[in-house]
Structures are given as C-alpha cells and as structure tokens.
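Single-structure report; data block below.
The values are calculated or read from the model by the stated rules, or taken from the named source; none is laboratory data. Quantities reported herein were computed from a predicted structural model and do not represent experimental measurements. Cβ coordinates were reconstructed from backbone atoms using ideal geometry, including for glycine residues, and neighbour counts include every protein chain displayed. Each accessible area value is taken on the protein alone, full model and side chains, heavy atoms only, with ligands, DNA and RNA left out. Shrake-Rupley method; radii C 1.70, N 1.55, O 1.52, S 1.80 Å.
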Amino acid sequence: MAVNLTPNAIAAIIAGDVNSKPLVQILDIKLIAAAAQPKERYRLLLSDAVSSQHAMLATQLSDRVKSGQVRKGSVVQLIDYICTSSQNRKIIVVLNMETIIRECEIIGNPKSLVEFDSTAQKPLPNGSLDHSTRVSNNRFNAQNPGQSVQSFPPTVQPPYQPPPNYRNHGPMLKNDAPARIIPITALNPYQGRWAIKARVTAKGDMRRYNNARGDGKVFSFDLLDSDGGEIRVTCFNAVVDRFYDAIEIGKVYLISKGSLKPAQKNFNHLKNEWEIFLETTSTVELCPEEDGSIPRQQFSFRPISEIENAENNSILDVIGIVISVNPSVPIMRKNGMETQRRILNLKDGSGKSVELTLWGEFCNREGQKLKEMIDSGSFPVLAVKAGKVNDFNGKSIGSISSTQLFIDPDFPEARGLRNWFDRGGKNVASVSISREIMPGGSKNEIRKTVSQIKDEGLGRSDKPDWVTVKATISFIKTDTFCYTACPLMIGDRQCNKKVTKSGNMWTCDRCNQEFEECDYRYLLQAQIQDHTGLTWVTAFQESGEEILGCSAKELYLLKYEEQDDDKFGGIIRSRLFNQYLFRLKIKEEMYGDEQRVKITIVKADNVNHSSESRYMLDLISKFSR
C-alpha cells in the first residue's frame with residue numbers, strides 16, 4: 001500500500017515552515033552515543049518521497065523508538081518541529097509527531113535534499129515545480145500502477161509558500177523571525193531559535209570565584225513552566241550585571257537566545273538533562289500580567305521513612321511537622337568567615353523523624369520564626385524544597401543555596417499533615433533516622449544486653465555492629481571529659497580536629513590556620529550497666545550533650561575557669577544511675593599492637609516508658625505464640 005506523502009515537505013521545512021504538519025516517512029533510525037548526553041538520542045532520516053533530510057528526535061520521544069511505535073519505514077505526521085543549523089548543516093528537530101502507519105515499504109525514490117537541489121530546478125514563484133520534476137513524479141506513479149493509494153486529505157498541504165510578511169523581501173536574515181514559545185521539556189541544543197515562558201521558583205546568591213582563567217562571578221535561578229518542566233539558568237560575569245537585579249522569585253519571564261549545555265548533576269537537582277546559559281545577546285522580558293497556568297512551585301515530597309535509603313548528597317523535597325528547634329550557634333568556616341547553624345527536627349505520618357540543619361541566613365530568617373512558634377506552643381508544618389541528604393551518623397537533611405523553606409503552606413500535603421497531627425499524630429511516637437538509625441541492614445533495631453556484647457563477639461567482624469541497649473550510667477570520668485577542637489568549616493562540616501595553643505592563638509595542623517578561640521567537644525568515658533553486667537563506652541559531642549545536659553564548653557569553664565568544683569560535681573552526680581536507651585556502635589580497633597573492641601554511644605535517649613511498655617508487650621506476645 002502506497003501513501004501520498006506531503007509534496008515538497010522537506011524543502012518547505014528547510015525554508016522555515018513550522019505549521020503545515022506534513023506526512024513524511026522515516027527511512028532510517030540511528031542511536032547517537034555521546035558521553036556528554038545523559039539520555040539516549042536518535043537521529044532520523046525523513047523523506048517526502050522525493051527529498052530526504054536528517055532530523056533529530058527530541059529525547060521525550062525516544063520511548064516511541066524503543067517500544068517499536070516508530071521504526072524504519074513508518075509514516076508519521078510531524079506535529080511540532082523546527083529546522084536549525086548545526087555545524088553549517090541544516091537539521092530538522094522533531095519535537096512531537098504521530099505515527100500514521102507503523103510499517104510501510106519505502107515510498108518513491110528519495111534523494112538527499114542537497115543532491116536533489118543540484119539536479120532539479122527550484123520551485124517557481126507560483127509554487128509549482130518545473131516540467132522535469134513533474135516527469136519524475138509521473139514516472140514513479142507509472143511504475144506502480146497496481147498499487148492502491150491511500151490518501152489523507154486533511155494533512156496533505158500544497159507546496160510551501162513563505163509567510164506573507166517575508167514574501168518578496170529577499171532572503172530571510174538569521175534571527176529575523178520571532179522565536180516560538182516552546183515547553184521547557186522540548187528544549188535541546190539543536191534548536192537555533194526558541195523562547196520559553198516560565199516562572200522563577202528559586203534564585204541563588206551571587207557568588208565570586210577564582211580559577212586559572214581569573215576572577216569571576218556567577219548566579220543561577222530555576223524556572224518552571226505551565227507543563228511542569230523545570231530547568232536551571234546560569235549567568236556569568238557581565239551577564240550577571242544585566243540580569244541579577246532583574247530576576248525575582250515568583251515572577252514570570254519570557255526568555256530566549258540562550259545556549260544549552262548538559263546539566264552538572266553534582267550541583268543541579270532538577271529533572272532536566274540540560275541547563276540554559278545566558279549570554280550577552282540573550283533576552284529576559286518580564287511578563288507583567290500574572291499567568292495562572294504556571295504553578296508557583298512544584299514539589300516531589302518524599303516520606304521521611306524513605307530518606308533512610310536515599311543516597312548521600314542527593315537532593316530531595318520533604319514535608320513534616322516541626323517538633324523542636326535548637327538555638328542558632330556561630331560556626332567558623334575554613335576561609336575564616338563566620339556563619340550560623342541551627343538544627344530542628346521534623347516528623348511525619350511515616351513513623352519517622354529527621355534532623356534538618358539550617359545554615360546561614362536560614363537560621364535568622366525562617367529558623368528564628370520557627371523557634372518563636374515552637375516556644376509559643378504551636379507546631380508548624382514546614383515544606384523543604386531542595387534539601388541535601390547527609391549520611392554522617394544516620395541520615396539528616398541540610399539546607400543549600402537553592403533550598404527553599406515554606407512555613408505552614410496552603411496546599412493539600414500540608415493540610416493533610418496538619419489534620420493527621422491534630423487528630424492524634426502529635427502523640428504518636430516516631431523513630432529518628434538521624435544519628436540513631438545506622439547502616440547495617442536488619443541490625444538497626446536489634447536490642448542487646450550488656451553481656452551479649454561480649455558473649456556474641458559483637459564488633460569483631462569487618463563491619464561495625466549497631467545495637468540498642470537499655471542501661472544505666474554508673475560512672476563518668478571527669479579528669480579528661482572534653483578536648484579543644486578546631487571550629488573551622490570544611491565544606492558543610494566542622495573540622496573538629498584537636499588544636500594546640502601557642503601564645504594567645506590556637507593552631508590547627510589540619511587546616512594550617514590560627515584563631516583566637518577554639519571549640520570544646522566532648523570525649524566522655526563512662527561505664528554503663530544493666531542486670532547482666534557493665535562495660536566502658538565513649539560518648540562524643542552530641543551524645544555527650546544528651547547525657548550531661550549542657551555543652552562541653554560550659555562544663556570546661558565551670559571546672560577550669562570558675563573552678564566551681566561543687567557545681568561541677570553536682571552536674572556529674574545528677575546524671576549517675578539514670579536509665580537511657582543507648583544506640584551503640586561496636587567495632588574492633590587497633591591500639592598500638594593490641595586489638596580492642598571500642599563501644600561508642602551514638603545517641604542517648606531518656607527511656608519513654610509508654611514506648612518501652614509497648615516494646616515489652618510485643619516481646620511477650622512473640623514468646624507466647
């Protein structure tokens with residue numbers, strides 16, 4: 001069965017047609033392998049029965065090739081397409097199409113448009129072909145007299161006529177035609193002319209950098225369009241000066257004349273394989289009228305229970321009820337600049353809670369507002385857009401420059417969470433995945449007694465054992481309970497290496513820097529015991545604060561600066577013979593030439609008698625079965 005393909009379709013598209021929606025045939029399909037492209041991309045050879053031309057298939061259509069919906073010989077109708085130049089060659093970019101006939105014999109005797117143009121006359125001004133072209137077509141039809149011809153009248157277009165605005169004005173200059181507004185998902189590097197209309201959902205701070213090419217500055221912002229497509233836009237140097245003050249979060253802009261490059265996934269969390277880099281010729285126009293079709297933000301929330309299995313440094317969205325907010329504390333970065341850190345806790349209906357660490361301005365802005373709300377007795381809903389996963393001592397979430405925080409937002413997920421919390425979720429016990437849930441698979445929640453640690457040889461395998469022990473503190477060493485630590489930041493973590501004092505300055509050998517004040521961190525040695533025995537354990541900073549109820553610096557100053565031994569001793573004695581649920585890390589380490597099992601307290605929780613009773617009842621029910 002032969003099909004009437006749209007006459008002169010290839011030449012029309014090359015000349016600039018974007019509206020005729022022609023019928024063409026796919027002569028060939030090839031997979032393009034490129035290391036820089038994170039997704040598969042296919043190159044097509046399109047034919048209108050007389051001429052053929054190479055085309056690129058948009059990545060969102062690649063599945064049609066994989067599923068067999070589009071194959072060699074398929075007759076398709078081009079719905080959305082554009083012609084652009086790549087390496088001085090014309091290439092068609094297919095953004096959308098429909099398969100009319102999945103399998104079909106090759107129609108006509110198509111030749112490459114370059115070859116055809118060199119042998120055939122060009123269309124006459126009235127749009128008709130000269131005699132030699134008509135003879136060629138008649139010769140083809142005569143060779144196939146017995147074949148039935150299927151026609152698609154609605155899609156067959158007459159030979160392409162240039163738009164009236166450009167007729168008889170000579171050749172069209174590059175960039176004279178207005179760019180079409182296309183969806184963000186349809187953007188690709190093979191398009192020469194495009195425009196997108198989108199809302200700014202996030203804007204990063206302007207950052208300065210220094211590399212081998214000199215000093216520079218950069219900032220980025222994220223866009224969201226009405227189809228849900230997202231993409232990051234980055235500006236450098238002189239382009240920063242043009243657009244930094246003009247870009248506002250929440251506003252809608254029309255953007256064109258940028259270049260597309262593969263997204264750097266180490267820094268870009270958006271679900272798009274490309275980034276836009278604006279140039280000096282780029283245009284960014286504010287759309288003064290509000291476009292209600294473009295959402296103000298797009299979330300992909302993950303339950304807190306799923307964050308346990310999230311990869312370190314991955315970027316995700318999370319929503320939860322704020323159940324506690326710690327004070328903001330100053331932190332010294334490695335570059336000598338001081339920043340702020342504030343830790344708060346979120347819980348949701350998955351039965352889990354997680355620590356969220358706020359850095360910089362988040363501490364004084366949203367962090368302070370949340371602290372005031374918690375202090376007043378309310379528990380706000382907090383939605384976190386683009387938080388970074390950290391797996392140091394369990395899983396936690398940290399803010400980054402592109403993070404956005406929404407307090408008590410008005411959307412379905414927040415309303416559902418508020419309803420759950422007010423109807424009893426407030427009293428539902430949750431297990432923290434931060435610092436207390438450690439790697440080790442099924443051993444995360446294993447309960448042991450003190451004697452089982454030794455009897456079962458825990459900690460002597462290649463990987464550490466992680467167990468929970470209910471025990472009482474019977475003794476705390478007070479001669480060396482803390483150490484002087486480096487306060488500088490290395491990336492998003494504090495150095496914490498031991499420092500030495502030289503004159504009035506403290507020196508860190510790791511950072512190779514001096515500073516006037518150091519940090520004080522717990523290195524607590526204690527004995528814990530239960531009904532089966534006792535053992536020595538070590539508690540570092542966070543777990544030391546949980547046990548003693550104050551910072552290492554406060555206790556250090558009390559003992560060595562104020563020399564108030566009575567008050568110091570009172571704090572220590574008040575913590576003895578209190579019962580805790582200890583999360584322990586047990587690992588054999590080398591001390592000199594001797595192997596010793598080291599037990600570290602990762603978290604110390606006061607015993608919740610309600611939860612503990614449920615745990616005991618569950619044990620009883622298991623034994624009674």
Given (1) farther than 17 Å from Asp479 by Cβ; (2) at pLDDT 90 or above, identify the lone condition not met by Arg596.
(2)
Got a sec? Which strands (runs of 3 or more DSSP E) wholly within the stretch 218-323 have at least 3 residues that are at pLDDT 90 or above and touching a strand residue (DSSP E or B) at 6+ places or on another chain (Cβ under 8 Å)?
230-236, 252-256, 274-277, 283-286
Residue match in the stretch 207-228 (condition: of a type in the set (A, V, I, L, M), more than 23 Å from Trp359 (Cα to Cα) and open to solvent by 60 Å² or more (accessible area, probe 1.4 Å))
yes
The residue from Ala177, Ala202 that alone is buried (at least 16 other Cβ atoms within 10 Å of the Cβ) and at pLDDT 50 or above is Ala202
Filter the stretch 473-490 for residues that are in a loop (DSSP other than H, G, I, E, B) and open to solvent by less than 60 Å² (accessible area, probe 1.4 Å) and give the result.
Thr478, Phe481, Cys486, Pro487, Leu488
Scan of the stretch 76-98 for residues that are modelled with pLDDT of 85 or more and in contact with a Cys (Cβ under 8 Å, 6 or more places away or on another chain), ordered by number:
Ile92, Val93
Regarding Glu445, is this residue modelled with pLDDT under 85 and acidic (Asp, Glu)?
yes
Within the set of pairs 6+ apart or on separate chains, which have a first residue in the stretch 553-573 that is closer than 13 Å to Thr478 by Cα, a second that is β-branched (Val, Ile, Thr) and in a helix (DSSP H, G or I), and C-beta atoms under 9 Å apart?
Leu555/Ile571; Leu555/Ile572; Leu558/Ile571
Filter result for the condition that a residue is touching a residue at least 24 places away in the same chain (Cβ under 8 Å), of a type in the set (Gly, Ala, Ser) and open to solvent by 10 Å² or more (accessible area, probe 1.4 Å), over Ser259, Ser282
Ser259
